């Protein structure tokens with residue numbers, strides 16, 4: 001089990017607490033320090049069963065200034081997230097071939 005985590009994000013900290021309280025083995029990936037490749041993001045999106053745009057933090061300045069209102073392909077959105085990891089919603093918990101976006105944090109429980 002893995003959690004894509006940003007320690008500065010309260011939702012991400014809540015997700016980490018759920019995994020810790022459940023006493024499961026998991027790996028913490030601080031994706032801002034270790035950015036994900038486009039291939040890794042595509043794989044996560046497949047496991048989440050969602051569209052790339054649904055994983056974007058649309059309130060981020062980077063998105064508003066550079067991408068908002070543009071007609072972007074899924075690959076362009078994925079590239080934007082790979083180039084700007086702050087754009088990726090969090091936390092994401094991955095277990096085998098499934099993943100959940102921990103918003104709300106309680107969704108993480110479905111993977112346990």
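Quick notes on this one:
- Between 33, 79, 58, the residue with the greatest mean-square fluctuation in the GNM of the chain (Cα pairs under 10 Å linked by springs) is 33.
- Within the range 82-97: backbone nitrogen closer than 20 Å to the residue 11 label point (7 Å, Cα to C-beta): 82-95
- Highest average packing first - 11-23, 88-100, Cβ atoms within 10 Å: 88-100, 11-23
- For the range 2-111, convex hull volume per residue from C-alpha positions, Å³: 95
- Percent antiparallel among DSSP beta bridges (both partners in the range 2-111, rounded to 5): 75
- Pairs of Cα atoms nearer than 8 Å and 6+ residues apart set the relative contact order; for the chain it is 36 percent.
- The helix-based estimate of mean residue ellipticity at 222 nm for the chain, built from -39,500 (n - 2.57) per DSSP H run of four or more residues and divided by its residue count, is -10000 deg cm²/dmol to the nearest 500.
- The chain: angle of helix 10-21 to the longest principal axis, Cα-based, in degrees nearest 10: 30
- Relative protection proxy for 45-52, 80-87, from highest mean packing down: 80-87, 45-52 (other beta-carbon atoms within 10 angstrom).
- Averaging the Cα positions of each part gives two centres, and for the range 1-25 and the range 52-112 these lie 17 Å apart.
- Of 56, 24, the sequence from fewest to most neighbouring Cβ atoms within 10 angstrom is 24, 56.
Taken together, the values in this text are just the output of simple stated rules run on the coordinates, not laboratory data. Just so we're clear, the structure is a prediction, and the values are computed from it rather than from any experiment. For neighbour counting, all protein chains shown are included, and Cβ atoms are generated from backbone atoms with ideal geometry for every residue, glycine included.
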